[in-house]
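What follows is a set of notes on a single structure, which appears directly below.
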Amino acid sequence: MARATIVWFRNDLRITDNPALWRAAQRGPVIPVFIHSPDGAPYGYAGEAAAWFIHESVTALACSLRKLGTPLVIRRGPVLSVLQDLVQETSADALYFNARYEAPSRAIDADIVQHFRASGLAVERTHAGMLMKPGAVLSEKQQPYKVFTAFWRQVMRQNVMKPLPAPAHLVPVSDQVQSLSLGETGLLHSVPWYEKLSEHWQPGEQGAMTQWSHFIDHVLYGYASGRDFPAHDHASRFSPYFASGALSPRWVWHQLLTMREAREIPDTDIEGFLRQLAWREFAYDNLVHVPDMVHTPMRREFERFPWRSDHDALRTWQQGRTGYPLIDAGMRQLWETGWIHNRVRMVAASFLVKHLLISWTEGAAWFKDTLVDADVANNTMGWQWVTGCGFDASPFFRIFNPVTQGEKFDPEGNYVRRWVPELRQLHPRFIHRPWEAPRHVLRDAGIELGINYPLPMVDHAAARARALLAFQSIR
């Protein structure tokens with residue numbers, strides 16, 4: 001068999017702007033491989049919903065590679081062992097892959113580089129998932145940034161590498177390489193609760209391009225002012241495509257810069273989304289410099305915080321039965337679609353850690369399992385931001401009121417009506433505070449509080465006072 005390059009796919013499930021694939025294609029025959037591994041290296045952080053998105057994205061990737069001329073090899077097992085077997089079977093003399101940045105994956109990558117280079121293979125580890133290599137953006141004192149605004153300014157001064165095109169053609173190896181079917185890997189959970197997700201998402205690179213077109217045509221104009229209103233269509237919904245690698249952030253970055261130069265869209269809207277990309281970079285920058293942030297508060301005083309262990313309260317929050325309509329709408333949207341609007345995501349997270357005093361790690365674990373965009377850096381950073389225990393976080397004493405948040409960002413209650421159908425007939429005046437509605441209003445809307453829709457599980461004022469008292473105990 002002719003010498004060839006193995007290209008190991010993980011969270012880079014695309015053919016456009018994929019440096020490992022591009023460089024291998026210039027070299028000669030290519031053996032693309034995806035490995036479902038018990039050590040978690042291919043997708044490390046993916047819970048059940050994200051695993052479905054990855055499964056479907058791998059299916060789409062296999063189709064794209066086949067059109068370019070070569071099949072995707074699918075294997076299962078410990079990564080190093082599987083790659084060793086593949087090298088022996090194919091006589092490949094090179095291994096190319098794109099880096100991951102979680103500490104366990106970086107350790108696995110380092111072992112693989114050391115092992116195969118010692119064996120005489122040409123090994124290249126490139127960067128595909130971020131605008132820049134995490135950890136590379138430093139202050140003038142060569143220190144990592146702890147404040148996002150300063151980090152953002154520095155990112156805007158950087159020259160982000162232009163995206164690479166997709167290879168026009170891939171040369172296959174001459175002999176057939178054995179492969180599992182994707183169904184044989186065990187990537188998907190045995191209970192297919194996630195089948196409903198296909199109603200809301202088209203995973204894979206083509207799905208990302210479809211979403212991009214929708215974003216440009218219907219979302220970007222007005223993004224800066226509309227992104228906080230969950231009933232409006234002003235969310236990009238790119239996050240699962242970034243997390244799985246079906247969409248290149250560099251490609252999006254340069255597309256938006258080109259549009260800004262052409263003045264096709266108000267600069268405030270374009271900058272508003274560029275900042276979101278930079279926040280994602282900030283999250284990974286923090287992850288590289290503080291790898292234990294996944295489980296440990298970045299502000300160490302929060303290690304002493306008196307969190308409550310309350311399984312029933314946690315379950316009530318997970319099921320969207322808190323009695324606060326905006327929270328319940330968000331948690332039900334999450335369960336049905338694998339995604340939750342960012343503004344509601346913040347309010348729901350704040351409710352768990354501040355109203356219920358349940359640790360942010362419990363919330364992060366639930367989001368990990370239910371989000372199609374589950375991403376270790378962004379999920380962790382979001383929860384630490386809400387809790388107040390991360391760098392440049394919202395202070396703990398800033399406690400969202402779920403009623404006023406609902407009235408401000410869902411004033412007509414359309415978001416609540418969609419996801420909490422029990423309240424669909426309720427007047428907008430009471431949609432975010434149904435317990436204040438007169439009996440006849442509730443009766444006319446078909447609502448029996450405590451029967452078909454719950455009363456609030458905690459009183460906001462009392463929960464706020466309890467949270468502030470708990471916070472005082474660690475100061």
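The values are calculated or read from the model by the stated rules, or taken from the named source; none is laboratory data. Note that the coordinates shown come from a computational prediction; the quantities given were computed from them, not determined experimentally. Note that we place each Cβ from the backbone using ideal geometry, even for glycine, and neighbour counts take in every protein chain shown. These accessible areas exclude ligands, DNA and RNA; they are computed on the full protein's heavy atoms, side chains included. Shrake-Rupley method; radii C 1.70, N 1.55, O 1.52, S 1.80 Å.
Data for the structure
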| quantity | calculated |
| --- | --- |
| Test: residue in region 76-99 that is in the same structural domain as PHE9 (by the TED database), of a type in the set (Gly, Ala, Ser) and part of a strand (DSSP E or B) | yes |
| Test for LEU468: is it farther than 19 Å from TRP307 by Cα and either surrounded by 12 or more Cβ atoms within 10 Å (Cβ to Cβ) or under 33 Å from the mean Cα position of the chain (by Cα) (or both) | no |
| Unique match (being surrounded by fewer than 17 Cβ atoms within 10 Å (Cβ to Cβ), of a type outside the set (A, V, I, L, M) and over 30 Å from ARG466 (Cα atoms)) among ASP292, ASP310, ASP267 | ASP267 |
| Considering residues of region 126-167 that are open to solvent by 90 Å² or more (accessible area, probe 1.4 Å) and in contact (Cβ under 8 Å) with a residue 40 or more places away in the chain only, the residue nearest to ARG66 (Cα to Cα) | LYS162 |
| Pairs with Cβ under 8 Å, 6+ apart, first in region 209-231 and assigned by the TED database to the domain that holds MET259 and free of Cβ contacts under 8 Å to residues at least 40 places away in the same chain, second basic (Lys, Arg) and crowded, with 18+ Cβ neighbours inside 10 Å | GLN211/ARG237; PHE215/ARG237 |
| Test: residue in region 444-457 that is of a type outside the set (Asp, Glu), out of contact with any helix residue (DSSP H, G or I) (no Cβ under 9 Å at 6 or more places or on another chain) and farther than 17 Å from GLY323 by Cβ | no |
| Selected residue [open to solvent by less than 60 Å² (accessible area, probe 1.4 Å), under 27 Å from VAL458 (Cβ atoms) and either out of contact with any Asp or Glu (no Cβ under 7 Å at 6 or more places or on another chain) or not assigned by the TED database to the domain that holds LEU352 (or both)] from LEU326, LEU334 | LEU334 |
| Near pairs, Cβ below 9 angstrom, 6+ apart or cross-chain, from region 374-394 (assigned by the TED database to the domain that holds ILE340 and of a type in the set (Asp, Glu)) to any residue that is open to solvent by less than 10 Å² (accessible area, probe 1.4 Å) and modelled with pLDDT of 90 or more | ASP375/ALA50; ASP375/PRO240; ASP375/ALA283; ASP392/PHE151; ASP392/PHE282 |
